[in-house]
Every structure is written in structure tokens, then in C-alpha cells.
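Below is one structure, written out as C-alpha cells; the observations come after it.
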Amino acid sequence: MTTRSVSAFLAPRRRLQLAGLLTPPVLWLGLVYVVALAALLVTAFWTVDELTGQVQIEWTTENVVEVLTGALYRTVTLRTLGIAILVTVIDIIVAVPVAFFMAKIARPRMRHLLVIAVLAPLWASYLVKVYAWRALLSSEGLIEWAVSPFGLDTPGYGIVGVVLTLSYLWLPYVIMPIYAGFDRVPDRLLEASADLGAKGWTTLVAVVLPMIRPAIIAGSIFAFSLSLGDYITTGIVGGTTQMLGNLVYTNVGAANNLPLAAAISLIPIGIILLYLAAVRRTGALRSL
Amino acid sequence: MDSAIRLRGLHKRYGDTVAVADLDLDIEAGEFFSMLGPSGSGKTTVLRCIAGFEQPTRGSVALFGTDVTALAPFARPVNTVFQDYALFPHLSVIANVEYGLRVAGVGRRERRARAEEALGQVRLAGFEDRRPHELSGGQRQRVALARAIVLRPQALLLDEPLGALDLKLREQMQVELKELQRELGITFVFVTHDQDEALTLSDRVAVFDAGEVVQLGTPRDVYDHPRNRFIASFVGSSTLLEPQVSAALGLGSQAMAVRPERVTLDAPGGVPGTIAEVIYTGPEHRIVVDLDGLGARITALEPNTGAQNSRSRGDRVTVSVEPAAAAPLEAEPDAA
């Protein structure tokens, strides 16, 4: 059949067109996400032969119970959650004014430069950026040099370093949706607010923030979920700090306990699902 | 008494473009004042300077005797109805109307009562809890009006408020706007590019062209005595008569504009011609006549009397115009 006759055959057959269009990506998504997640879930209920270290298909809830009740897991979960929340809050506080400037104040030229500046770090390797922070945070690093005249020290490698580094890493993902959110607030509405007697601050609180709330939440989903699953940054600038990702990594590697690792990884998945469910109503998922 | 709005030497430049050129304008209290002009003629810029959204390059804006040139929009005793309504999408209708009162710190109960009163005045009672996106264009227009009048401004600025509505609704809103203005007794400054709207509604009209007011007067002044070619052709329709045509019709030796409804066919002593076109518009026939030997055309209107069309293409007629019905036009400075 020629191209033309294929087109003629397909033209009245909408369902067949859709099927042709969607089958490959749906298959791919199905394999990568659904099957992999399901495998993870199932693995969490298997056991490991203590002698050989082989995974055995022997059903048990031991791993999940251990993860849900063990003191270590509770501590690390709370720490991970705290870091993720802190990173998210810091990113929002930094991103809102930057995004506002980009969308509402900067002239088109400046705006393009800023968009490039915000996106440029995404081209650099994650590892390079984290090692750059390792250098910054070191006892001979730039931060030490900058703050020592004030009698302060670099925070060094630990939770603070992790929070700073993660905040830096995810900032572009938070700025971009908030920038788009501000961009969607028509200037007319700001004028209307001023016309009705509102000063700048009132307009920000009463008009702008409610309108960009979905965009802020969209940004927070990125910062929060990316932080929740991170383990490389913790390994490089975290000193002895452990996050959930590190526990998973240890159990996959050194401890060779895949079922326990799977059980641990259910925690961030559960938290993210709860978070998504909570923000679903705000319309944020449409701002992604 | 001071004018409601007094502009002196108002000048606004964007880069190399002059949007408004050294404008002096007085708008009186309680007046329905229209600024009429094609897009880009500067009328909206003037309105935005009055509201405070634009800072004039030079010149001053005074409201009720107080110079407000340096004041921010929120400090001026005027409110604006925007062309695209600019309703707050995240607020209900009543919350939109209450917005200005809330900002001003008016108590909840009074706020509610005044907002409901304003919604009543624009005939939108019963829609309090809707969101803007659930309303039709006309309803949004009413919310925007209510939101502006609820603050009891001394002057209301309207930026092409009916531009987005369809014809029927626009005509209805024109009547309501006029009634509302009479009821409130405040100054309305109305920006439009629709000459019909400006003539229908206004006490006075300022016709804008290229950043300047080219004619200022009552609708009758502007319609019956357009000062130049631009006004004659922009406001209503008219035939422009070159000097030799005016002379042939016995009107003098000057370029003139004549309204089609003031052209008489087949009266004694007319200039002969041939009908080139008969256009049926419903209420009337528009008849285009080629004048013999003048190389000019003139348009006449005859009411549709219900009889079968008595005139047709190619008929011979005579054309005459009363001297009082023709408006002499100022010589164009650039015509030479």
C-alpha cells in the first residue's frame, strides 16, 4: 500500500489511529513503570537465604513490618522528610521573587537571559555539581573563606550541607513552573487591583499568590520528591548523614538484602502518593 | 468650579512614538464624555494616564481640583472598567465586587450590603456565588461595572467596555450604561472606537487622531459639522466633495462633507447624474450616483417605504444638497 492509501484507510478509523499512536508509549510506560513498581512491591514480600544470599520466593511480611516498626527506619524517615520539606521551603522562598522578577519586571531580553541562566545548570552533570558543592563546603572552601571574617565556619559535611546542595540542585525545577504561573497572571489583574485601592503588597497576597498557588505546589512536588529519593548528594556532602535512599543503597549493595531494600523504598513512594493525593484538589497537577 | 478631570499639556511618548501630544482637556462633573478614535489614536493612553496606570512623559492630570499626576492608581478617586473585564478568576462574583471595599477595610456586613446593592444596580442579583468563568461575556461586563461603582468613585473610566459583546447585547448595555450614569450622577469617561456608541451615549465627544483631539463637541456638532476629512469619514458615513463638486452643487468653492441622508434626489435645480449602484440595507436604500462630467460620486439615502424599489442602476436622476446640510472642511495641511 502506498502512503496515500494507508492514510485513506485510516482516515475514517479513529480508534485504529489512536491505537497506532498510543500503543508503543503505553507498552513502554507499562513495562518501565507499572511492571517495575509491581516487581518492587512483590520483592518486598520475599526473603533472602541467609546462607547463600540468594533471593527466595518465600512469602513473608517480615521486611515490611521491620521497616514500619524499626527505630532506625523511623529516625531516617523523619530525617529524610525533614530535609525534603526544608529543601522545598527554601526553594520556594528563593524561587518566588526570582520568578516574579523574570515574569513581571524584566524586559524580554533580560527575561531570556534569566531563563537561560536558570536552565543552564541542568546541562551540567549532577555529580559535577554535587562535587562542586563538596569543594565549596570544605574547610578550605569558598564558604569558609567568605564567612570566616565574621567569626563563622563552613557548615561542612552534614545535614546542612545536604540541604544547601539539594536546594541548589532542584531550584530550576521550582523556578520554572512558578515563572510560568506568574506569566499566566495578566497584568490587567494587577492594574485592576491597584485601581480598586490595593497597594502592591495587598495585590500580591490577595490576587497574585492565590493565582500562582497551583504553580508553587507544582514546583514543590519536584523539589520534595527529588529530595526524598536522593542518596548520592548525601553520600558526597552528607558526612555520616543517612537518608532513606542510602539505606536502600546499602541493602542492595553491601548488605545484599534486596527484599529489605524494596520494603524501605516503599516508604518514599507512600509519602509521595500521600502528597500527590493531598495536592490533587488544588489543581497543581494541571500546572506541571 | 473645578473640572472633574483636567488635563494640561499631557504628553506621552513610547520610545520614538508619540502616543498623546500635548493634550489639554476638561471633562465636567456629571458628564458622559466619550473619547472616540481608531486604535492607536491615543485615547486609551489618555484614559490610562487618568487612572494612573501610565505616567505621562510630561504634563499634568488633575481630578476635582487636585493634581494627581504623581499619585499611584490606588490613591486616585476614580475606578476603571477594563476592556477584558479583568475579573479576579479565583474569586466569586460577590468577592470580586467586595474586593475594593475589603482593601479599604470596610466591615463585612456593610461590604456585603453594598456589593449586593451594586450587583442590583447592574441587574446581576442572584449570581453572587458564581465564578467569573461560569458567566457569559455580558454578565462579566456587569460584574466589572459593579466592582467599579461599588466604591462610589467620583468618575468612572470605561475602556471599550462593550467591545467584546455582540451587537444585540451591546445595544442593550448602551441603554443600561446611560441609565446607570444618570442614576449615579457621576462622570463617565468612555473610550470607544465605535462612533455609533459614542454618538448614542455621550454628552460630549472628543475625536482622537494620531495622539491629538481633532474635534471636541456634542454628538450633533461632531456629526453634523465634521471639521476635517478624517472626522467626516470616521464618524458616520459621508461623501467628501472636492471644491469643484461643491461649486457645481452651489455650495461654495471649498471641500465639503455631506451626509447621505441630507442628499436629495430629483428635486428641482439639481445636478444631473446616473445611478451607479442601489444597495438595499433594510431600513433604507443607499443610492450611489455618478455626477455628469465631474468624475465624482455622491451617496444618497432614501427610506424603505415598502413600495417595490423604484430606482435602479442606470436611471437618470438629479442631485441636490441644501447649503446648510454640507459641512465645510478645513484645508488639510498635508494636502498640498
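Rule-based calculations on the coordinates, nothing more; no lab input. Since the structure is predicted, the reported quantities are computational estimates derived from the model, not experimental observations. Cβ coordinates were reconstructed from backbone atoms using ideal geometry, including for glycine residues, and neighbour counts include every protein chain displayed.
Return the FRET efficiency for the residue pair B:Glu183, B:His11: r is the Cβ-Cβ distance, R0 is 22 Å, and the value is rounded to the nearest 0.05. Taking R0 as 22 Å, the efficiency between B:Glu183 and B:His11 is 0.05.
Could you check what % of the DSSP bridge pairs in the stretch B:5-232 are antiparallel, to the nearest 5? Looking only at bridges with both residues in the stretch B:5-232, the antiparallel portion is about 50 percent. 3J(HN,Hα) along the stretch A:185-193, derived from phi through the Karplus expression 6.51 cos²θ - 1.76 cosθ + 1.60 where θ = phi - 60°, amounts to 7, x, 4, 3, 5, 5, 5, 4, 4 Hz, with x in place of Gly and Pro. A straight chain from A:His112 to A:Arg13 at 0.36 nm per residue would run longer than the Cα-Cα distance by 31.3 nm.
Charge tally around B:Ala148: other residues with Cβ under 12 Å, Lys/Arg +1 each, Asp/Glu -1 each, net +1.
Dividing the convex hull volume of the alpha-carbon atoms in the stretch B:115-187 by its residue count gives 87 Å³ per residue. The Stokes-Einstein estimate for the stretch B:5-232, based on a Kirkwood radius over Cα pairs and taken at 37 °C with 0.692 mPa s viscosity, is a diffusion coefficient of 182 µm²/s. Say we join alpha carbon atoms closer than 10 Å with springs in a Gaussian network model of chain A; which of A:Ala71, A:Ala223, A:Ala194 then has the biggest fluctuation? Ranking A:Ala71, A:Ala223, A:Ala194 by mean-square fluctuation puts A:Ala194 first.
Which of A:Leu266, A:Leu81, A:Leu189 ends up with the largest GNM mean-square fluctuation for chain A, with Cα atoms connected below 10 Å? Greatest mean-square fluctuation among the candidates belongs to A:Leu189.
Give me the base-10 log of I(q)/I(0) for the protein assembly as shown at each q in 0.07 Å⁻¹, Debye formula, one uniform scatterer per Cα, rounded to two decimals. For the protein assembly as shown, the Cα-only Debye profile gives -0.72. For the stretch B:151-223, the C-alpha radius of gyration sits at 1.12 times the compact-globule guess of 2.2 N^0.38 Å, with N the residue count. Extents of the stretch B:68-165, taken as max minus min of Cα coordinates on every principal axis and listed largest first, are 38, 35, 23 Å. Converting phi to 3J(HN,Hα) with the Karplus coefficients 6.51, -1.76 and 1.60 and the offset θ = phi - 60°, the stretch B:250-255 yields x, 9, x, 10, 10, 5 Hz in sequence order, with x at every glycine or proline. Near B:Asp24, once Lys and Arg are set to +1 and Asp and Glu to -1 for all other residues with Cβ below 12 Å from its Cβ, the sum equals -1. Pairs of alpha carbons in the stretch A:53-137 separated by more than 20 Å make up 66% of all such pairs. Over the stretch B:1-116, with a single point scatterer placed on each C-alpha, what log10 of the ratio I(q)/I(0) does the Debye formula yield at q = 0.12, 0.17, 0.21 1/Å? Evaluating at q = 0.12, 0.17, 0.21 Å⁻¹ gives log10 I(q)/I(0) of -0.54, -0.94, -1.18.
Computed over the alpha-carbon pairs of the stretch A:70-287, the distance histogram in 10 Å steps reads 8, 27, 31, 22, 10, 2, 0 percent, short to long. Of all DSSP beta bridges confined to the protein assembly as shown, the antiparallel ones make up roughly 75%. Shown here: the stretch B:181-222, whose C-alpha atoms stretch 34, 20, 16 Å along the first, second and third principal axes, sorted largest to smallest. For the stretch A:180-288, the Cα gyration tensor yields ellipsoid semi-axes of 42, 15, 9 Å (square root of five times each eigenvalue, largest first, whole Å). Residues whose amide H lies under 5 Å from that of B:Val20, counting only those 5 or more places away or on a different chain, are B:Lys12; hydrogens are built 1.01 Å from N in the peptide plane. The residue among B:Ile231, A:Pro121, B:Gly269 whose Cα reaches farthest toward the positive pole of the charge dipole of the protein assembly as shown, with charges on the beta-carbon of Lys, Arg, Asp and Glu, is A:Pro121.
Cα centroids of the stretch B:157-181 and the stretch B:257-336: 33 Å apart.
Distance between the C-alpha centres of the stretch B:56-80 and the stretch A:137-190: 42 Å, rounded to the whole angstrom. Expressed as a whole percent, how much of the Cα-Cα distance distribution for the stretch A:1-80 exceeds 21 Å? Tail of P(r) above 21 Å: 61 percent of Cα pairs. Close amide-amide hydrogen proximity is noted between B:Phe208 and B:Leu36, B:Gly37, B:Val214, each under 5 Å apart and 5 or more residues distant or on a separate chain (H modeled in the peptide plane; Pro and chain starts excluded). Residue by residue along B:90-98, Cβ atoms of other protein chains within 10 Å of the local Cβ number 2 on average. Convex hull of alpha carbon positions in the stretch B:237-328: directionally averaged projected area 5.5 nm².
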